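Engineer: Here it is, the structure in full.
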Amino acid sequence: MVTNPLADFPFFSCELTDQEIENILQRHHPHFVKHFPKGLRIDRTACGLGVFTTRKLKANRKVGRVRGYIETRRDYTSDYCIDAGGFLSLEPAAPFRFLNHSCEPNCQFMNYISVEEWEDEERRRVALERAASISSRINLARTDAAYGVEMWLETLRDIEPNEELTIDYAWSDDRAIPCLCGSPNCRGWIIAPELLNSFLRKLKRKEKERREKVA
Ligand SMILES: [Zn+2]
């Protein structure tokens, strides 16, 4: 029986107590995490936890493969999950589970499975069969490996040792929350750039309606 080891994760590590952060740091120490990429560490940030590089990284290079747990429900959503193509969502394991958002990120996720590959129903059937077959032989049920998913974190620019690694969460507008990334071009909200303007218009409209109701 394989259970989802990531199910009980808190999302906003800012809301964690010092003791909870300490427990996470111990539990996700590279020594205890399978496939923890070399040259990375999880550490405290001004607000909770983040992922840091211990060495200089060049632009447009792979940082590490994102391992994790696969969800096959089409409507699946969570605070961490990554679109892994077609009907698959990847719940990343440590360390990449702890990547923070920035409106000017220095990294991005790259999916090495072509979109076309996952689009048709036949491919879906084959993937599910292959996953079931692999899972029955080795203890890989519902992991990226069982589904043949290959997701990597890659650098977007040169990164100095001890810099925090960040990605653009690019959330949909129904999940947008205020952004505290502090970058000069911060959008103010954690939201996909192309959705920002319509989202702000919607906010304005709602605020106007609220004021009219009060008046
Ligand atoms: Zn921001």
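Engineer: May I ask you to list the chymotrypsin sites (Phe, Trp or Tyr not before Pro) in segment 30-135 that are in a DSSP loop and have at most 10 other Cβ atoms within 10 Å of their Cβ?
Structural biologist: Phe32
Engineer: Enumerate the calculated ³J(HN,Hα) couplings along segment 172-186 in order (Karplus 6.51 cos²θ - 1.76 cosθ + 1.60, θ = phi - 60°), each rounded to whole Hz, writing x wherever the residue is Gly or Pro.
Structural biologist: Along segment 172-186, the couplings run 6, 5, 6, 10, 4, 9, x, 9, 10, 5, x, 6, x, 9, 4 Hz.
Engineer: Now for a different question. In segment 82-111, whose amide N lies under 18 Å from the spot 7 Å out along Cα-to-Cβ of Ala132? List them in ranges.
Structural biologist: Counting backbone N atoms under 18 Å from the label point, the list is 87-88.
Engineer: Would you kindly state the longest site-free stretch of the chain, with sites defined as GluC sites (Glu not before Pro) in a DSSP loop (not H, G, I, E, B) surrounded by at most 16 other Cβ atoms within 10 Å?
Structural biologist: Maximal segment without exposed cleavage sites: 1-149.
Engineer: By what distance, in whole Å, do the Cα atoms of segment 13-169 stretch along each of the three principal axes, largest value first?
Structural biologist: 46, 33, 27
Engineer: How much FRET efficiency would the formula 1/(1 + (r/R0)^6) give for Glu194 and Leu16, where r is the Cβ-Cβ distance and R0 is 22 Å, rounded to 0.05?
Structural biologist: 0.10
Any read-out appearing in this document is the output of simple, stated calculations on the displayed coordinates, not a laboratory observation. Only a predicted model underlies this, so the values are computations on that prediction, with no experimental measurement involved. Virtual Cβ from ideal backbone geometry, glycine too; neighbours counted across all protein chains shown.
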